[in-house]
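Participant: My questions all concern the structure below.
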């Protein structure tokens, strides 16, 4: 497609002489702009993917894939429902749970908490919790007066394993002088760290029998959490469970429960891609500027080539090669830089935090304790395509302008 002469001329034009130094500077800015644009696009898309993957893991690891609840407050026949679920294809396990809110008090500190009542056997089936116990022994999670709390909550309450925490239920008991809140002291049996700040700072697990007493669920639970083989098919499985249970209970999958969160992440990801694409688009304008300046500077060379028999198409290909070389090399450099940065982003984050002495990724704001990154081939290909597309588009007009120059006019004014 390109002749050796065209390649040689393009390479000579890219090696700037002293008097063409300004053109070389503009070309350097073009290269840098394309490189940073593509690299930023890859890094941001990888971080957005990482956020979605990590948040999904945390949510599914703590709450299950499908939730079954009664249309009333309680679910009394949960044992028979669990037997029915155990016979269904695609269901891994089911856990009867009691979810409730309470106030936790220790010393002078009071904070709101989310309490989940669950059996030890079912808790052991949740690796996000059972494999991340940082203090205490999970085997001690039994009895009517023990709880397991998140690491950040333990820090906020200034408690350790063996200390006591008082829980206050919003559902009070009637007395002669009115409704009084129910209070009970529990011993901290273990401390976990799920890696998601929201759960680590407010999550409490309690044995199911103890939760039934504390939240007044005699012989009943508030719901059943179901784990399935393929979480991506949760909507289909939820509909199947709903029909299997004769449509007597409310059945919701994790995508329905967290629809607003994941829709927000999807919209944010799309908007970020469009905004960062504009960075690459703007960088491509530098290629246009540098090539137009190069064409004006090489007017006499173009005229001589034309008088020696070079065709307009050949001249166009020479300058197309010049611009494409800048765009392709910038895109390749951006690809390498973006991949390297995305694969080591948490290490780079820690290094920057140590250097400037400021926390760049606060889990209080971003929910997760680590900066996630998930590099996906399709996003990398999109980023590379955007860089190449705008680079090639940017070279068309300057190359066309060079091919349309009149040799006689160019030589007349030399």
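The values are calculated or read from the model by the stated rules, or taken from the named source; none is laboratory data. Worth saying up front: this structure is predicted, and the values here are computed from it rather than measured. All Cβ positions, even for glycine, are placed from backbone atoms using ideal geometry, and neighbour counts span all protein chains on display.
Participant: Return a yes/no flag: does the stretch 73-84 have any residue that is at positive phi, at pLDDT 80 or above and touching a strand residue (DSSP E or B) at 6+ places or on another chain (Cβ under 7 Å).
Facilitator: No, the stretch 73-84 contains no residue that is at positive phi, at pLDDT 80 or above and touching a strand residue (DSSP E or B) at 6+ places or on another chain (Cβ under 7 Å).
Participant: Tell me the residue from 238, 313 that is in contact (Cβ under 8 Å) with a residue 60 or more places away in the chain and assigned by TED's automatic domain parsing to the domain that holds residue 32, please.
Facilitator: 313
Participant: Shifting gears a bit: Output the number of the condition that residue 189 fails; it satisfies all remaining conditions of (1) surrounded by fewer than 22 Cβ atoms within 10 Å (Cβ to Cβ); (2) in contact with a strand residue (DSSP E or B) (Cβ under 6 Å, 6 or more places away or on another chain); (3) free of Cβ contacts under 8 Å to residues at least 60 places away in the same chain.
Facilitator: Of (1) surrounded by fewer than 22 Cβ atoms within 10 Å (Cβ to Cβ); (2) in contact with a strand residue (DSSP E or B) (Cβ under 6 Å, 6 or more places away or on another chain); (3) free of Cβ contacts under 8 Å to residues at least 60 places away in the same chain, only one is false for residue 189: (1).
Participant: Looking at 230, 253, 246, can you tell me which residue is more than 30 Å from residue 140 (Cα to Cα) and without any contact (Cβ under 8 Å) to a residue 12 or more places away in the chain?
Facilitator: That would be 246, the only listed residue that is more than 30 Å from residue 140 (Cα to Cα) and without any contact (Cβ under 8 Å) to a residue 12 or more places away in the chain.
Residue-by-condition table, conditions (1) free of Cβ contacts under 8 Å to residues at least 12 places away in the same chain; (2) crowded, with 19+ Cβ neighbours inside 10 Å; (3) out of contact with any helix residue (DSSP H, G or I) (no Cβ under 9 Å at 6 or more places or on another chain); (4) assigned to a helix (DSSP H, G or I):
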| site | (1), (2), (3), (4) |
| --- | --- |
| 34 | no, yes, no, yes |
| 44 | no, yes, no, yes |
| 82 | no, no, yes, yes |
| 88 | no, no, no, no |
| 95 | no, yes, no, no |
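Participant: May I pose another question? Does residue 22 satisfy the condition of being in contact with a helix residue (DSSP H, G or I) (Cβ under 9 Å, 6 or more places away or on another chain), at pLDDT 80 or above and in a helix (DSSP H, G or I)?
Facilitator: no
Participant: Looking at the stretch 163-175, is at least one residue closer than 23 Å to residue 63 by Cα, without any contact (Cβ under 8 Å) to a residue 40 or more places away in the chain and either assigned by TED's automatic domain parsing to the domain that holds residue 190 or more than 28 Å from the chain's Cα centre (by Cα) (or both)?
Facilitator: The answer is no; no qualifying residue exists.
Participant: May I pose another question? Report yes if residue 113 is in a strand (DSSP E or B), modelled with pLDDT of 90 or more and either over 32 Å from the mean Cα position of the chain (by Cα) or in the same structural domain as residue 241 (by TED's automatic domain parsing) (or both), otherwise no.
Facilitator: yes
Participant: Let me ask something else about it. Restricting to the stretch 267-277, give me the number of residues that are free of Cβ contacts under 8 Å to residues at least 24 places away in the same chain and either surrounded by 11 or more Cβ atoms within 10 Å (Cβ to Cβ) or in contact with a helix residue (DSSP H, G or I) (Cβ under 6 Å, 6 or more places away or on another chain) (or both).
Facilitator: Total satisfying the criteria: 2.
Participant: What is the number of the single condition among (1) modelled with pLDDT under 75; (2) assigned to a loop (DSSP other than H, G, I, E, B) that residue 372 does not meet?
Facilitator: (1)
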